[in-house]
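Have a look at the structure below before the remarks.
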Amino acid sequence: MSSLSTNSEPSRWSQIWNSNIGYSFRKNPVAIVSLVIFLVIAVMSFCAPLIAPFDPYDPGQIDIMNSEYPPLWVDGADAQFMLGTDDQGRDLWSTILYGTRLSLLIGICAVGLQAILGISIGLIAGYVGGRIDSLLMRMADIQLSFSTLMVAIIFLAVTQAMFGSETFNQYAIYFLIAVIGVAEWPQYARTVRATVLAEKKKEYVDSARVLGFGPMRIMVRHILPNSLSPIFVISTVQVANAIISEASLSFLGLGMPPSQPSLGSLISSGFDYIFSGSWWITAIPGIVLVVLVLVINLLGDWLRDALNPKLYKG
Amino acid sequence: MFAYLVKRVFQAIAVMFVISLIGFAIQDNLGDPLRELVGQSVSEEVRQELRDELGLNDSFVTQYLRFAGNALQGDLGTSYFFKEPALDVILKKLPATMELVFGATIIIVGLSIPVGVYTAIYPNTILSRLVMGISIIGISVPVFLTAILMIFVFSVEYGWFPSYGRGDVVHVFGPWETNFATVDGWMHILLPSIALASIMLPLFVRLIRAEMMEVLQSEYVKYAKAKGIRPWRIYFVHALKNTLLPVITVGGVQIGTMVAYTILTETVFQWPGMGFMFLEAVNRVDTPLIVAYLIVVGFIFVVTNTIVDLIYGLVNPTVNLARMGA
Amino acid sequence: MSLLSVRDLSVKFAMRDNTVTALNQISFDLAKGERLGIVGESGAGKSITGFALMNLLSRPGFVDSGKILFQGDDIAQMSDAQMRRIRGNQMAMIFQDPMVTLNPVLTIGQQMVETLMAHRKLSKSEAEQIAIVKLREVYIPSPAERLNQYPHELSGGMRQRIIIAIALLLDPQLIIADEPTTALDVTIQADIMELLLELCETNKVGLILITHDLGVVSQMTERTLVMYAGRIIEAGRTREIINDPQHPYTQGLINALPQQTAPGQRLKQIPGNMPSLTAIPNGCPFSPRCEYVQDHCRTEAPKTVQYTHVEVACHEVHRLHSDKAEEMNR
């Protein structure tokens, strides 16, 4: 399969474009606009060091005297700072670019971790079956009944109290990825397990077994490809949820520190100033966060309609 | 039925055991109880003596058993900050949180079922499309942002609603003081309840709509139509009952998420509940209070999930509780 | 006046960018108390016919043109409220798979009582009494206890009996049974059919039996329609269609029956498959599979003609018949 896919790369794109998925994409203006917005946000944030006029991580470029300048279209703005400045005098535009990069990075990495854990556990549970299966699925149920956010809050709160803020802040990004990544594995595991159970009964799996292929090969080469469409659908929703979780944790002061703010920590630091009228420190990163999550959710909705996979239900 | 109950309770106990282990591990590793007790001006010898006296030099198992034994008797240690039993501190804050959760639940249940059913029956009306559009925006706005937005609009800009605290509460009994007895109390609880409901409501509307639409495609709904049953009976007896079964399960899972969201809502509105208290305890490294919170919240999760499972079993005739217990 | 009279009924499905014809101008009549079989392969439009008669076509299907006169009134033109009063009351339907037909969360009693109360002013206990009588008629043991049971507590055969009882609850004029035994164990299929036949005869109820099984049709019905690709290609008295089929497709169907084959011989299947609704060939839809096909069969749609004792839609039926007669004479 790998040699095939590399050889036929260019035609594969046209295949996708002309397939049902491609058709429903072209016919769906919401999906097109969402994808464009998502790509713009993603590319701009990942190119933050090239685009941003200031480096928010460089204390030499930050002057507290510049704090709380409003955006350009409001009276009292400073021409240097397109979207104004935050409470520490950082250029909000640059800080948002860097912050979005962090939020996206954490979201995608956390979901990657979820997928690796969940898919492996789901494959094992479905393929091995029996006691291991029921034990793993029982664990998944219990894990899910404790919400991710709750587990993450307690884990991060204890970690922070244990290591002290300074050490914690240094490794915050890894802690966030780890905790959001580990807490949500059941989402993937249940869906993959359900497909494995359905596929296991089919003849081609039997014939693969008769041909002497090992369980690993059967699972990865034969069963996994059949789980791809639900995995895609789950992944989009999960990235949106992970970004919200990260923002919520950072808002509570359990995530990215103000010195290296993600969108959530920016909103949090601005929250103290909305009563004094500096709404933009909260509002502008808030809008970016909502738009980012919204376009991912819209893409997820479209994918769900287009692929229409059998998703696991409670 | 009885066997199923026993099995469920047994599982609940197992989960509580794991939670208590985690709680104890946190207690054991986080902070130094001696320093909280006597400060730093005491000699090493006296410290050792005190450690022996407090049993801090006992084996892990002995210490855990003591911890678990005390916990079973309702003793979850003494808060460093409040100098009161941790459980008492939490129980005092519990009603505020529960009232908030109650308010949000009323909003969610009261709106999600009619809206979900309507959008499932008439998926193509302008109203349905509007609702679905709003709902996807709804699930994309984090709870804390909704809360901030509402404070900004309704408190800062217009000044219609207060932005923090519980306002006038009326004592009911024990530690329970209610918001629902005065106009001021209602004014204070309205925004936080809406904020807490804001992400869950669209989630449930979408879930109910999706389930209902699937049920409406089923053979038994078609058959009910073929029998000449009146439409309202098909929607609300045949379809809704089958729709709500999976929704109950998801609802049980969402209770956990709801408790987590109370932390966010309470932080934004400075609502004096357990979530707000927990974050303060974290900032003060008030270990007994952190551990007590973990155990109380864990207990709430386990109890509600067990109850939801039992309700599901009772409502769904195809679940044979007697057989599931075997 | 016949009980049911279908005239030039066409049903279409609205697809992504076009519409697909599922029923192409079908016409037939059913007298009071008459039993009619509709036969054909899956996809021929049998079930769609059944649902169209109940005005229960679900999106994206719709009646495009034609009339369905039931006791003189056109069902296709009726409002939902008018139609609701007929469904289950004068016209009942038996679905294919009893395992998914009954609502899993309502008791048998609730599902029977609601049917009665939807059409008649009765108290709950009166309705329950009627339900018990009907359950007894379909030979359900201890019927009173069944009322409190849920569908999942009963076997498939038992559930189909209950569905038959529900169909008879309001003494309808017509029962439409859509493959009522295909989902059941072979051992009880015959029992259910026998029961259905007995009840229809004693109660003088009209029956439309939709099935792919010619054997069942020959035992159960007086008249038969053979459907292919959304058209009726042959119609007449069941005995005559079975004994002397005129359309090459019907002949093929009958020759494919195991009874028509000597032991050890291969079953005589009709070559090819029925076309999908999106790709129905021009002219006679059967032409690509027909061994008697002529050029005009591929361009011109055959008209239905009376031939011997049946109605048949085939250009070549005369030639076919003379060929066969020659064969016989030889």
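Rule-based calculations on the coordinates, nothing more; no lab input. Computed from a predicted structure; not experimentally measured. All Cβ positions, even for glycine, are placed from backbone atoms using ideal geometry, and neighbour counts span all protein chains on display.
Normalised by 2.2 N^0.38 Å, where N counts its residues, the alpha-carbon radius of gyration of chain B equals 1.22. If R0 is taken as 60 Å, the Cβ-Cβ distance between B:Asp75 and A:Ser14 corresponds to a FRET efficiency of 0.30. Charge dipole of the protein assembly as shown (Cα centre as origin; +1 on each Lys and Arg Cβ, -1 on each Asp and Glu Cβ, all else neutral): 3260 debye, rounded to the nearest 20.
Can you give the local net charge around C:Leu23? Use residues other than it whose beta-carbon is closer than 11 angstrom to its beta-carbon, Lys and Arg +1, Asp and Glu -1.
+1
The equivalent ellipsoid of the range C:1-126 has semi-axes of 28, 19, 15 Å, largest first, where each one is the square root of 5 times an eigenvalue of the Cα gyration tensor. Here the spin labels are modelled as points 7 Å beyond Cα on the Cα-Cβ line, and at A:Cys47 and C:Glu198 they lie 8.2 nm apart.
Could you list the trypsin sites (Lys or Arg not before Pro) in the range C:76-181 that lie in coil according to DSSP, counting only those with at most 12 other Cβ atoms within 10 Å of their Cβ?
C:Lys121
Using C-alpha pairs under 8 Å with a sequence gap of at least 6, the mean separation divided by the residue count of chain A gives a relative contact order of 21 percent. For the range A:254-314, the set of chymotrypsin sites (Phe, Trp or Tyr not before Pro) satisfying both a DSSP loop assignment and a count of at most 16 other C-beta atoms within 10 Å is given as A:Phe275.
Residues whose amide H lies under 5 Å from that of A:Phe54, counting only those 5 or more places away or on a different chain, are A:Ser94; hydrogens are built 1.01 Å from N in the peptide plane.
Considering only chymotrypsin sites (Phe, Trp or Tyr not before Pro) in DSSP loops that have at most 16 other Cβ atoms within 10 Å, the longest stretch of chain C without any of them is C:140-291.
Averaging Cα coordinates gives a centre for the range B:128-149 and one for the range C:179-203; these two points are 54 Å apart. Given the rule -39500 (n - 2.57) for each run of at least 4 DSSP H residues, summed and divided by the residues of chain C, what is its mean residue ellipticity at 222 nm, to the nearest 500 deg cm²/dmol? Rounded to the nearest 500, the figure is -10000 deg cm²/dmol. Three principal axis extents describe the C-alpha atoms of chain C; from largest down they are 68, 48, 39 Å.
Semi-axis lengths, largest first, of the ellipsoid equivalent to the protein assembly as shown are 65, 34, 28 Å, with √(5λ) applied to each eigenvalue of the Cα gyration tensor. Working from Cα pairs under 8 Å separated by at least six residues, relative contact order for chain B is 30 percent. Between B:Leu54 and B:Trp232, the FRET efficiency estimated from the beta carbon spacing at R0 = 60 angstrom works out to 0.35.
Between A:Tyr171 and A:Leu307, the distance separating the two model label sites (each 7 Å from Cα on the Cα→Cβ line) works out to 3.4 nm.
Multiply the residue gap between C:Gln265 and C:Gln306 by 0.36 nm, knock off their C-alpha separation, and tell me the result in nm, one decimal place. Kindly include the intermediate steps, with their values, before the conclusion.
On the way: separation 41, 0.36 × 41 = 14.76 nm, distance 3.47 nm.
Stretched out fully, the C:Gln265 to C:Gln306 stretch lengthens by 11.3 nm.
The calculated P(r) of the range C:221-330, using every Cα pair and 10 Å bins from 0, goes 14, 44, 35, 7, 0 in percent.
Using only DSSP helix segments of four residues or longer, with each worth -39500 (n - 2.57), what per-residue ellipticity at 222 nm results for chain A after dividing by its residue count and rounding to 500?
-23500 deg cm²/dmol
In summary, the aspartates and glutamates within cross-link reach of C:Lys12, defined as a Cα separation below 14 angstrom excluding same-chain residues under 8 places away, comprise C:Asp64.
When you filter the chymotrypsin sites (Phe, Trp or Tyr not before Pro) in the range A:36-78 for DSSP loop state and at most 15 other Cβ atoms inside 10 Å of their Cβ, you are left with A:Tyr57, A:Trp73.
Could you pull out which residues in the range C:199-234 have an amide N less than 17 Å from a spot 7 Å beyond the Cα of C:Ala190, following the Cα-Cβ vector? Answer for this model: C:213-221.
The angle between the Cα long axis of helix C:317-329 and the main principal axis of chain C comes to about 80°, on a 0 to 90 degree scale.
The length gained by stretching the chain between C:Glu291 and C:Arg16 to full extension, at 0.36 nm per residue less their Cα-Cα distance, is 95.5 nm. Taking the Cα atoms only, what angle lies between the long axis of helix B:200-216 and the longest principal axis of chain B, rounded to 10 degrees? Once rounded, one gets 40 degrees.
FRET efficiency for B:Phe10 and A:Asp78, Cβ-Cβ distance as r, R0 = 51 Å, nearest 0.05? Working from the Cβ atoms, E equals 0.20. For chain A, hydrophobic long helices are taken as DSSP H runs at least 30 Å long by C-alpha position along their axis with mean Kyte-Doolittle hydropathy of 0.0 or more; these are A:92-128, A:228-251, A:280-307.
Where in the range A:115-151 is the amide nitrogen less than 19 Å from a point lying 7 Å along the Cα-to-Cβ axis of A:Tyr204? Correct set: A:123, A:127.
Over all pairs of different C-alpha atoms in chain A, the reciprocal of the mean inverse distance, the Kirkwood hydrodynamic radius, equals 21.7 Å. Just so you know, the Cα atoms of the range C:36-100 work out to an Rg and Dmax of 12.6, 35 Å. Extending 7 Å from the Cα toward the beta-carbon at both B:Ile126 and C:Ser155 defines two label points whose distance is 5.8 nm. Close amide H contacts of B:Glu177 (hydrogens built in the peptide plane, cut-off under 5 Å, sequence separation of 5 or more or a different chain): B:Val172.
Computed over the range B:88-271, the quotient of the alpha carbon radius of gyration and 2.2 N^0.38 Å is 1.20. Residues in the range C:1-41 near a label at C:Gln71, defined as backbone nitrogen under 12 Å from the 7 Å Cα→Cβ point? The answer is C:3-4, whose backbone nitrogens lie closer than 12 Å to the label point.
Between the helical axis of B:183-197 and the longest alpha-carbon principal axis of chain B there is an angle of about 80 degrees.
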